[in-house]
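K.L.:
Okay, handing you the structure first.
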Amino acid sequence: MVKPTIAVRGVSKSYGKKEVLRNVSLEVHPGHIVGLLGPSGAGKTTLVRLIAGSDEPDQGAVEVTGLRMPDLMALEHIGYMAQADALYLELSGRENMDFFGTLAGLTGRGLREGVDRAGSLVGLRDDLPRPVNQYSGGMKRRLSLAIALLHAPKVLLLDEPTVGIDPVLRLSIWDELWRYAATGASILLTTHVMDEAERCNRVALLRDGKILAHGSPADLKKETARPTLEGCFLYYGGVR
Amino acid sequence: MSRTRLLAVTQRILRQLARDPRTVALILVAPVAVLWLVKLILTTGEYQPRVALLDTVPAPLHDHLRKGGARLSNLSAAEANAALARNEIDALVGFENGKPHLRVEGSDPMVTRATLRAFQGGAAPNGPLPIEVEYLHGSKAMGFFESFGPILLGFFVFLFTFLVTGLSFVRERTTGTLERMLATPLRRHEVVLGYMMGFSLLALVQATVIATVAVTLLNMMLAGRFVWLLAVVLLLALSALSLGMLLSAFAGSEFQMFQLVPLVAVPQIFFSGLLPLENLSAPLRVIGHLMPLTHGAHALRQVMLRGGGPADIGLDLGALAVFVAAFLILNVVALRKYRRL
């Protein structure tokens, strides 16, 4: 059996008195896209931040590429796109990519090629010389995604990657994500759009900090005898 | 430490500054402009008090007051008292029992003082012998602005640098770019040092511009050497920018950063030497020494007014350097909030 690239083991996390995650376990294997599906406030972002090493669990452990997070070596293999676009508005798209690419360890030709490749991937290649404050909301989202893809990381963490992106482009981005996963990368993304979750290898249904169910979309539907993932969610949520 | 990553942060700061002329102007122009305004206000001529004389006042006293710089008018007692009540005159002078009697409006101590000065100023022919005064520092021409200018210069440099770096770092926190930077192998101290280096270049330009303008265009006194003036301004700016970064950790938004300004600025003004502190109790004076501006202002006065050199400002420069180092280290620690490593 291939070792998982992302392993979350029995993780709990509280902020003050509020318990955000309770005993969550999750694995992502190379070549897989795993979707975290759940309503807002379910703990999706917290889980992604724990995997990115931005925060640490109170209990349990998170490992990325076999290294316990936070770990600087592991961070070299992570491409992280947070819910906030996290861009410098005064700078051009290319300058943003150059900056984060350099931080990720790219230089010279590798950096230039990375910027061009990731820029084309999200359909922004012609807009890269423009300052980001002239970008639309969807363009900023795409630039943010391109930055996460820039250094061809083994692990891709995407928090709501397709919010504000039109359906046509969303489709092409999903194609790219699949192609990228096929090269052996592990992708974990959060969404609350059901039809996006359908496209993942596996889905984890998260609510109130607990994983209600975990499996491939087909298995979940079969198990609950519901025709849609939405039905599964309602089923596990206790609405029968 | 990765030099490439460190320089990437510095370069990015400089690029952002290049696209943001307003911020650059705030740092370079604003301190000088405000200082110039203060100079205009403080160097307007001395106030000439409006004094009403009653008929009982003998003629020699008229001349005496006119020489002392008063604007005179002749009124009856009733008129004068009414004018005084309406604040149309500053004082009225009568003559009782062979002695002049002065009644002042009194709500503004500056005006009162000017009135009294007019009374005593016009040197009486049989007054005390004139004294020859020799100045160790300064000169007879040294006014309020010349004396307190160095403190104000230090304060404005501190204020605007603090504001600009604090706001810039708050934005880094609220937009998520700080979290994104720390989701790469970039080390925490590289973030802090990269920031510091980027803004230091701006601070260096700022120090040069402000020191030059202060001495040439504003005609501020510079008894010491220009290079020491530059050194003090630069170190003061560095302490302001590292403190701005640090305090931005306690601000959840740009608005809250602005709220911190009075908290940081006002106490420092009190302890900067603008108000006399000789009578302050020892524990309170210690508080003053914990503030960068106290040292910056003291060093600036040493250099500009008393011609001080390294021996006179060494302690102050050392204190400022300690502040900078301490703030930087605290910054690195504060970033643990975003990543433990």
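The values are calculated or read from the model by the stated rules, or taken from the named source; none is laboratory data. Keep in mind it's a predicted model, so treat the numbers as computed, not measured. Here Cβ is always computed from backbone atoms with ideal geometry, including for glycine, and neighbour counts include all displayed protein chains. The area values use the complete protein model at the heavy-atom level, side chains included, leaving out ligands, DNA and RNA. Shrake-Rupley method; radii C 1.70, N 1.55, O 1.52, S 1.80 Å.
K.L.:
Here are B:129, B:116: which of them is out of contact with any Asp or Glu (no Cβ under 6 Å at 6 or more places or on another chain) and at pLDDT 80 or above?
P.N.:
Every option except B:116 fails the conditions.
Quick grid of which residues meet (1) within 21 Å of the chain's Cα centre (by Cα); (2) of a type outside the set (Phe, Trp, Tyr); (3) within 21 Å of residue A:182 (Cα to Cα):
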residue: A:73; (1), (2), (3): yes, yes, no
residue: A:78; (1), (2), (3): yes, yes, yes
residue: A:82; (1), (2), (3): yes, yes, no
residue: A:107; (1), (2), (3): no, yes, no
residue: A:121; (1), (2), (3): yes, yes, yes
residue: A:126; (1), (2), (3): no, yes, no
residue: A:136; (1), (2), (3): no, yes, no
residue: A:153; (1), (2), (3): yes, yes, yes
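K.L.:
Can we say residue B:290 is among the aliphatic types (A, V, I, L, M) and more than 22 Å from residue B:237 (Cα to Cα)?
P.N.:
Considered against the rule, which asks whether it is among the aliphatic types (A, V, I, L, M) and more than 22 Å from residue B:237 (Cα to Cα), residue B:290 comes out as no.
K.L.:
Shifting gears a bit: Out of segment A:184-196, which residues are buried (at least 17 other Cβ atoms within 10 Å of the Cβ) and either at pLDDT 90 or above or among the charged types (D, E, K, R) (or both)?
P.N.:
A:185, A:186, A:187, A:188, A:189, A:190, A:196, listed by residue number.
K.L.:
Which of (1) away from chain A (no Cβ under 14 Å); (2) surrounded by fewer than 17 Cβ atoms within 10 Å (Cβ to Cβ) does residue B:192 not meet, given it meets every other one?
P.N.:
All conditions pass for residue B:192, except number (2).
K.L.:
Would you list the strands (runs of 3 or more DSSP E) that sit entirely within segment A:17-120 and hold 2 or more residues that are within 14 Å of chain B (Cβ to nearest Cβ) and over 25 Å from residue A:213 (Cα atoms)?
P.N.:
In segment A:17-120, the matching strands (runs of 3 or more DSSP E) lie at A:78-81.
K.L.:
Also: Within segment A:197-225, track down each residue that is of a type in the set (Lys, Arg), without any contact (Cβ under 8 Å) to a residue 24 or more places away in the chain and buried (at least 17 other Cβ atoms within 10 Å of the Cβ).
P.N.:
A:221
K.L.:
A follow-up question, please. All but one of (1) modelled with pLDDT of 90 or more; (2) open to solvent by 70 Å² or more (accessible area, probe 1.4 Å) hold for residue A:166; state the number of the condition that does not hold.
P.N.:
That leaves (1) as the condition not met.
K.L.:
Applying the selection to segment B:172-183, what residues are among the polar types (S, T, N, Q), at the interface with chain A (Cβ under 8 Å from one of its Cβ atoms) and surrounded by fewer than 21 Cβ atoms within 10 Å (Cβ to Cβ)?
P.N.:
B:175
K.L.:
Is it fair to say residue A:148 is of a type in the set (A, V, I, L, M, F, W, C), in a helix (DSSP H, G or I) and within 19 Å of residue A:190 (Cβ to Cβ)?
P.N.:
yes
K.L.:
Of everything in segment A:121-142, what is without any contact (Cβ under 8 Å) to a residue 12 or more places away in the chain and not in a loop (DSSP other than H, G, I, E, B)? Give them in sequence order.
P.N.:
Answer for segment A:121-142, where residues must be without any contact (Cβ under 8 Å) to a residue 12 or more places away in the chain and not in a loop (DSSP other than H, G, I, E, B): A:125, A:126, A:134.
K.L.:
Next question. Among the residues of segment A:98-108, are any touching a Leu at 6+ places or on another chain (Cβ under 9 Å), aromatic (Phe, Trp, Tyr) and at pLDDT 95 or above?
P.N.:
Yes; the residues of segment A:98-108 include at least one that is touching a Leu at 6+ places or on another chain (Cβ under 9 Å), aromatic (Phe, Trp, Tyr) and at pLDDT 95 or above.
K.L.:
Same structure, new question: How about segment B:263-280: which of its residues are open to solvent by 50 Å² or more (accessible area, probe 1.4 Å) and of a type outside the set (D, E, K, R)?
P.N.:
B:263, B:266, B:270, B:274, B:275, B:276, B:279 - these are the residues of segment B:263-280 that are open to solvent by 50 Å² or more (accessible area, probe 1.4 Å) and of a type outside the set (D, E, K, R).
K.L.:
Continuing with this model, one more query. Every residue in segment B:62-90 that is open to solvent by less than 20 Å² (accessible area, probe 1.4 Å) and within 20 Å of residue B:45 (Cα to Cα), please.
P.N.:
B:65, B:70, B:89, B:90
K.L.:
Condition first: touching an Asp or Glu at 6+ places or on another chain (Cβ under 8 Å) and open to solvent by less than 30 Å² (accessible area, probe 1.4 Å). Can you find one or more residues in segment B:152-170 that meet it?
P.N.:
Looking for residues that are touching an Asp or Glu at 6+ places or on another chain (Cβ under 8 Å) and open to solvent by less than 30 Å² (accessible area, probe 1.4 Å), one finds at least one in segment B:152-170, hence yes.
K.L.:
Cβ-Cβ below 8 Å, separation at least six or inter-chain, first residue in segment B:56-68 and under 18 Å from residue B:80 (Cα atoms), second in a helix (DSSP H, G or I): which pairs?
P.N.:
As it stands, the answer is B:65/B:118; B:65/B:119, since those pairs meet every condition given.
K.L.:
A follow-up question, please. Based on what the data block shows, is residue A:57 crowded, with 17+ Cβ neighbours inside 10 Å and either assigned by TED's automatic domain parsing to the domain that holds residue A:205 or in contact with an Asp or Glu (Cβ under 7 Å, 6 or more places away or on another chain) (or both)?
P.N.:
yes
K.L.:
Taking the condition of being modelled with pLDDT of 90 or more and loosely packed, with under 15 Cβ neighbours inside 10 Å, how many residues in segment B:281-305 meet it?
P.N.:
Summing the residues that are modelled with pLDDT of 90 or more and loosely packed, with under 15 Cβ neighbours inside 10 Å in segment B:281-305 gives 1.
K.L.:
Can I ask one more? Only residues that are over 17 Å from residue A:98 (Cβ atoms) and either surrounded by fewer than 18 Cβ atoms within 10 Å (Cβ to Cβ) or of a type in the set (Asp, Glu) (or both): list them for segment B:1-29, please.
P.N.:
Of everything in segment B:1-29, those that are over 17 Å from residue A:98 (Cβ atoms) and either surrounded by fewer than 18 Cβ atoms within 10 Å (Cβ to Cβ) or of a type in the set (Asp, Glu) (or both) turn out to be B:1, B:20, B:21, B:22, B:24, B:25, B:26, B:29.
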